[in-house]
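Novice: Take a look at the following structure, please.
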Amino acid sequence: MRITRTVAGRSRRAAVLVTTGLTASALLLTGCSSDSDSSDESSDANGKITLTVADFGQFGYKEAGLFAKYHELHPNITVKEDTTADEKVYYPKLLQQLNSGSGLADVQGLEVGRIKELVDTKADQFADLSKVIDVSEWVSWKEKQATTADGKVIGAGTDIGPMSLCYNTELFKKAGLPTDREEVAAKFAGGWEDYLKLGEEYKKKAPAGTYFMDSASAMFNAVVSSNAKQYYDESGKPIYADSPSVKQGWNLAAESADKKLTQGLAQFSDPWKAALRKGTIATVACPAWMAGQISLSAGDANKGKWNITTAPGETAANWGGSFLGVPKSGKNVDEAGKLVKWLTAPEQQAAVFKAIGVFPSNKGAYDLPDVKSAKLPYFNDAPIGELYADEAKSIPETVLGPKDGVIKDTISTQINNMEQRGTSPDKAWKAATDSIEKAIG
C-alpha cells in the first residue's frame, strides 16, 4: 500500500510557517559570486544597482530575509520587490508589458499555469538561463516546463506543490474516524473514490454544521494534478472535453456536491478563511503551499487540531509552482541572472521553505537540514520534509498547454456553481466548455 513509503516518521501562496529551529544564515552564504565583473548599464555614478523583482502572492524571499542578505553579500546591489496579491491580475499586466516592451521588472515571477503559453509565444523576450543555472539541479519535469524546443530556458524553477491531505483531527475524532496519519491514509489508499466513501462515513456522525471538505473544485484540481495528461495532449491540442482525468475529477466533484460532502467555499475567499477559523472543515486537498494558508486562516486557536497525511491513491501529484524569468529588455540582465541563480540555489530554496513552507524544486535542497528534518508544529509536527520529498520524486511529468490556467479556473468556477447554486452537472459542464471555447479560440 502507498502508506508504506510514507508519513510516519508530502496557490495563492503559503503563510509563514515554523518548520525547524535550525538557522539558515550559514547556508545563505553558499553559491554567491562576486559582482565585481558587472557590466550593467543602469548603475548610478557610485556603481550602485537596484534590481527589481515583480511577483505575485507570496514567493517568500522577503520573509526569508533573502533580499537583505543579497545586499549584504553584494553591497552595491539593492533588491526591491513589487508584489501583486492576485496572479489573475498580475499575468494580464505582464503580457501587456511584454507586448509593449516597457514597465518590466529585472526579474519576473512566472506561474506554472502560464509557462507553456510564455514558452510558446514570448520566449524571445526572455533571457536564456540555460547557461546561467544548472538545470540538472531541478526535478526533471520542472526544467522541461520552462524549456523551448531548441533548448532555451526562460525560467528558473522556484517551488513545486507535491500533494498531501490536511485534516482536522478534532473533527475526525468526533465523527468516530481515526486520527493517526497512517490509519487515515489507509482509509483512502485506493484513490479519490475511497476519499468520498470516507466522507460519507464522516457525514454519519459529523458535528452539526461541519463538512467533510472545503471545496469540490479543490478536489477536482487535486485529481487532475495526479495525471500526466490533463487539458492538452503532446501535440498541443486541447483535450479537456475528453480527458479521462478531467472526467474523473468532474464526476467526483459532482458526486461530492450532490451528497453535500462539501461546504462549497471558493478557496482563499473570506468565507473559506472564516470556516477554517470556526472549525467547520474536516479536510482540505493540500499541496505543499496550502498548509500555510490553513494555519494563517484557522489561527492560533486551532493549532494542534490539524494533521497532514499522504493524498488519496497511489499516484503522486503536483499542484502549483512558479519560475523566475529575466526579461531580455532589462538594463540589468547579467546581474538579474545572477540573482535568479542565487535565489533558486538549494540553500536559498531551503530558507524559503523554512520561512513559509513552499517546497523546493531544486533537488539539492531535499537533503539539507531545513528541509529534510522539517516538521510543522501547527499540524501535530507532521514530517513535511520527508512527506513532500517522497512525493516529489514520483510526480508524473505533466503535459502542459498554453491555456491550462484559464481552463482550470473556468471549470473550477462551474464546480463552485454546482456547490453553491445547485446548478446541475450537465448545465455546469456546458457553461464551462462554452466559456473555455470562447477563451482559447
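Novice: Taking the residues in region 233-283 that are of a type in the set (Asp, Glu) and within 22 Å of residue 172 (Cα to Cα) as candidates, determine which candidate is farthest from the chain's Cα centre (by Cα).
Specialist: Filtering first and then ranking leaves 258.
Novice: Could you tell me whether residue 182 is part of a helix (DSSP H, G or I) and at pLDDT below 95?
Specialist: no
Novice: If I filter region 236-247 down to residues being open to solvent by 20 Å² or more (accessible area, probe 1.4 Å) and aliphatic (A, V, I, L, M), which single residue comes out as nearest to residue 436 (Cα to Cα)?
Specialist: 241
Novice: While we're looking at this one, here's another question. Collect the residues in region 366-388 that are open to solvent by 10 Å² or more (accessible area, probe 1.4 Å) and either within 24 Å of residue 169 (Cα to Cα) or among the β-branched types (Val, Ile, Thr) (or both), keeping them in residue-number order.
Specialist: Scanning region 366-388 gives 373, 375, 377, 378, 380, 381, 386.
Novice: If I ask for residues that are part of a helix (DSSP H, G or I), buried (at least 19 other Cβ atoms within 10 Å of the Cβ) and not hydroxyl-bearing (Ser, Thr, Tyr), which ones from region 391-416 would you list?
Specialist: 391, 392, 404, 405, 406, 407, 408, 411, 414, 415, 416
Novice: How many residues does region 199-220 hold that are buried (at least 23 other Cβ atoms within 10 Å of the Cβ) and assigned to a helix (DSSP H, G or I)?
Specialist: 7
Yes/no matrix, rows are residues, columns are (1) in contact with a Gly (Cβ under 7 Å, 6 or more places away or on another chain); (2) over 15 Å from residue 318 (Cα atoms):
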{"position": "137", "(1), (2)": "yes, yes"}
{"position": "142", "(1), (2)": "yes, no"}
{"position": "153", "(1), (2)": "no, yes"}
{"position": "156", "(1), (2)": "no, yes"}
{"position": "175", "(1), (2)": "no, yes"}
{"position": "204", "(1), (2)": "no, yes"}
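Novice: Of the conditions (1) open to solvent by less than 10 Å² (accessible area, probe 1.4 Å); (2) touching a Phe, Trp or Tyr at 6+ places or on another chain (Cβ under 6 Å), residue 114 satisfies every one except a single condition; which number is it?
Specialist: Answer for residue 114: the failing condition is (1).
Novice: Still on this structure: Kindly indicate whether any position in region 135-152 is open to solvent by less than 10 Å² (accessible area, probe 1.4 Å), part of a strand (DSSP E or B), modelled with pLDDT of 95 or more and not small (Gly, Ala, Ser).
Specialist: no
Novice: Is there any pair linking a residue in region 414-429 that is charged (D, E, K, R) to one that is open to solvent by less than 70 Å² (accessible area, probe 1.4 Å), with Cβ under 6 Å and at least six apart or on different chains, and which?
Specialist: Matching pairs, first to second residue: 419/216; 419/257; 419/262; 419/264.
The values are calculated or read from the model by the stated rules, or taken from the named source; none is laboratory data. Keep in mind the model is a prediction, meaning the values are calculated, not measured. All Cβ positions, glycine included, derive from the backbone under ideal geometry; neighbour counts span all protein chains shown. To get the accessible areas, we keep the full protein, side chains included, count just its heavy atoms, and leave off ligands, DNA and RNA. Shrake-Rupley method; radii C 1.70, N 1.55, O 1.52, S 1.80 Å.
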